[in-house]
Amino acid sequence: MKTSASNIVTPKDVSFLVENFSIFKEIHQLYGAPPNWQRPEGFETLVLIILEQQVSLSSAKAHYLKLKGFVKEITPKNLLKLTDLEFRNNQISRQKTSYLRALSTAVLEKSLQLENLKNFPEEKVRAQLTNIKGIGNWTADVYLMSCLQFKDIFPIGDIALVNTLKKLTSLTSKEEMLLFSSQWKPLRSLATYFFWHHYLSSKGKKMETIDM
């Protein structure tokens with residue numbers, strides 16, 4: 001069975017981390033509890049997460065909104081109708097164009113049934129997603145956390161998470177960070193939200209939100 005919840009950020013879980021770990025107490029004292037970055041399940045959100053790969057959230061949001069303004073509705077059929085030039089004119093790189101086409105094809109051919117992922121355990125969700133060209137563990141992690149609300153995801157491939165841990169601890173390697181994170185099980189998704197909250201708040205920024 002899957003181990004998810006309807007909401008990662010609950011007062012009870014926030015209190016547990018703050019009361020038992022000084023690193024979260026310090027973040028909470030500086031910036032308060034992290035927001036719940038829940039997103040709707042489905043194709044459109046997965047498109048957005050792909051666009052967020054290796055770029056700033058503000059850039060990804062701008063590219064997403066430009067694309068949506070052009071096609072009106074982000075669906076597999078609509079994306080597959082676009083030419084390379086139309087993708088490029090909407091600020092989508094050649095590489096990400098190939099990723100979006102691969103995702104669109106998988107959904108249309110039903111080799112990926114996004115509506116069923118909520119019924120699967122983490123390992124099966126991850127396997128289903130990473131079977132698609134352009135979807136690696138980072139994209140799967142973000143979808144598991146923000147869309148399916150799995151509570152114990154630790155996206156070690158996330159640059160903001162790694163850089164924040166380097167700043168707040170003496171940890172330097174991803175292997176050390178993964179081992180260190182085991183003490184926060186089964187609330188590592190919430191722990192990650194705390195670190196993202198610190199990363200953005202320390203820069204005077206907020207999580208980019210988009211109405212879908």
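Things worth noting here:
- The condition of being surrounded by 14 or more Cβ atoms within 10 Å (Cβ to Cβ) and modelled with pLDDT under 95 holds for only one of LEU57, LEU79, that being LEU57.
- Any chance LEU112 is in a loop (DSSP other than H, G, I, E, B), in contact with a helix residue (DSSP H, G or I) (Cβ under 9 Å, 6 or more places away or on another chain) and buried (at least 19 other Cβ atoms within 10 Å of the Cβ): yes
- The listed residues are LYS124, LYS96, LYS72, and the only one of them that is more than 21 Å from the chain's Cα centre (by Cα), basic (Lys, Arg) and farther than 12 Å from PHE43 by Cα turns out to be LYS72.
- Looking at TYR99, TYR64, just one residue is touching a helix residue (DSSP H, G or I) at 6+ places or on another chain (Cβ under 6 Å) and within 27 Å of HIS197 (Cα to Cα), and that residue is TYR64.
- For the range 55-66, the count of residues that are farther than 20 Å from VAL142 by Cα, assigned to a helix (DSSP H, G or I), over 19 Å from the mean Cα position of the chain (by Cα) and not aliphatic (A, V, I, L, M) is nonzero.
- Some residue of the range 94-103 being among the polar types (S, T, N, Q), part of a loop (DSSP other than H, G, I, E, B) and surrounded by fewer than 16 Cβ atoms within 10 Å (Cβ to Cβ): no
- Per-region count, the range 24-54, residues on the phi > 0 side of the Ramachandran plot and at pLDDT below 95: 1
- Residue count for the range 143-180, restricted to those that are among the polar types (S, T, N, Q) and within 16 Å of PRO121 (Cβ to Cβ): 1
- Within the range 123-207, helices (runs of 4 or more DSSP H) holding 1 or more residues that are surrounded by 21 or more Cβ atoms within 10 Å (Cβ to Cβ): 137-146, 159-168, 188-201
- The single condition among (1) free of Cβ contacts under 8 Å to residues at least 12 places away in the same chain; (2) farther than 18 Å from TYR199 by Cβ that GLN29 does not satisfy is (2).
- Among the criteria (1) under 20 Å from ARG39 (Cα atoms); (2) assigned to a helix (DSSP H, G or I), the one ILE74 does not fulfil is (2).
- The one condition from (1) at pLDDT below 95; (2) within 27 Å of ARG101 (Cα to Cα) that LYS205 does not meet is (2).
- All conditions in (1) surrounded by 18 or more Cβ atoms within 10 Å (Cβ to Cβ); (2) at pLDDT 95 or above hold for PHE21, with the sole exception of (1).
The values are calculated or read from the model by the stated rules, or taken from the named source; none is laboratory data. Bear in mind that the values here come from a model prediction, so they are computed numbers and not experimental data. For neighbour counting, all protein chains shown are included, and Cβ atoms are generated from backbone atoms with ideal geometry for every residue, glycine included.
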